Amino acid sequence: MKNENWTLDIIESTNGMEKVLPNKILFDKIQNRIKLETLVSNKWIFLAAATFALLISINITLLKSSTTKSNTQSETVISTISTTNQLY
Amino acid sequence: MALDNKDFEKLYNQYSILVYNLALNYLQNIEDAEEITQDVFIQINNSISKFQEKSSLKTWIYRITINKCLDFIKHKNSQKRFFIFGKKSQNEFEIENVSNFEHPGILLENKEKSKLLFEIINELGENQKTAFLLSKIDGLSNPEISEIMKLSISSVESLVFRAKATLKEKISNKFEEYRKKLK
């Protein structure tokens, strides 16, 4: 019987429990984290855009230089053939 | 789209006590409960646009809080398993301290008893623990719990009943220890 009473006492020990108020600083902490997350996400968007732009500009530069190179090379070959006009 | 500052503050004032207390009952650690409260409100702010109003806002917030708490416990338990093979760290001491938790909202004369109760609540399975905490500590009705847990009312009734039975059995087993302590 004592055991039963004690068990019930333990189970009922949360009766009359009051709600606990969270720390007042918690709201500021949450707002700071939200601001930080927004900043970070903006930073990543900017970084991704910058990387993309850089890749495109590198590609364009490389394409341009390779086109100029191949033109010069073919011109050289043609000029060599036309001036010598000899096989041996 | 996220909430503007005014709406967010209003929402925080309305639900912060609910979220914080539920997290505190779940995790039995003030710092952890604060961390979960932060995570919950950040998620609310980020995904409020996805909230489809299929359930009430309160139910949705309850679900987010419970899921965050369960994830947190899983993460802590995995850390605990990891530490068995490694050196003791500060985190491990934190994990060990969980059972020494004294709930700040509990009446002084019940502190010792409730400490034991929370220790045994932690031994319950996820669903039984959730159902018991929502029913006994938060005072929600079975239909409300069934909506939050997405279970039928009869399943919730059964969960609460089994949780109480398990608790009674485990507490009863501790009675001898308690008597020896008194001597």
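The values are calculated or read from the model by the stated rules, or taken from the named source; none is laboratory data. Every value quoted in this text rests on a predicted model; they were computed, and no experiment measured them. Cβ: placed from backbone, ideal geometry, glycine included. Neighbour counts: every protein chain shown.
If the condition is being among the aliphatic types (A, V, I, L, M) and either free of Cβ contacts under 8 Å to residues at least 24 places away in the same chain or surrounded by fewer than 16 Cβ atoms within 10 Å (Cβ to Cβ) (or both), then segment B:1-17 contributes B:Met1, B:Ile17. Residues that are within 12 Å of chain A (Cβ to nearest Cβ) and of a type in the set (Asp, Glu) within segment B:149-181 comprise B:Glu169, B:Glu176, B:Glu177, listed in sequence order. So which residues in segment B:49-89 are under 22 Å from A:Ile34 (Cβ atoms) and at pLDDT below 90, if there are any at all? The answer is B:Ser49, B:Lys50, B:Phe51. Against the test of being basic (Lys, Arg), modelled with pLDDT of 90 or more and closer than 27 Å to B:Glu9 by Cβ, the options A:Lys43, A:Lys19 yield a single qualifying residue, A:Lys19. Here B:Glu9 qualifies as part of a helix (DSSP H, G or I) and outside the structural domain of B:Lys111 (by TED's automatic domain parsing). Only residues that are more than 14 Å from the chain's Cα centre (by Cα) and among the hydroxyl-bearing types (Ser, Thr, Tyr) were counted in segment B:16-50, giving 3. Restricting segment A:12-45 to residues that are of a type in the set (A, V, I, L, M, F, W, C) and facing chain B (nearest Cβ under 7 Å), the residue that is surrounded by the most Cβ atoms within 10 Å (Cβ to Cβ) is A:Ile30. Based on this model, can you work out whether B:Ser146 counts as crowded, with 16+ Cβ neighbours inside 10 Å, out of contact with any Pro (no Cβ under 9 Å at 6 or more places or on another chain), more than 13 Å from every other protein chain (Cβ to nearest Cβ) and polar (S, T, N, Q)? So B:Ser146 fits the description; yes. Just one of the listed residues (B:Ile30, B:Ile48, B:Ile36) is buried (at least 17 other Cβ atoms within 10 Å of the Cβ) and more than 9 Å from chain A (Cβ to nearest Cβ), namely B:Ile36.
Taken residue by residue, segment A:46-58 has no member that is modelled with pLDDT under 90 and within 14 Å of chain B (Cβ to nearest Cβ). If you go through segment A:17-36 and keep only what is outside any helix (DSSP H, G or I) and either of a type in the set (Lys, Arg) or at positive phi (or both), you end up with A:Lys19, A:Lys24.
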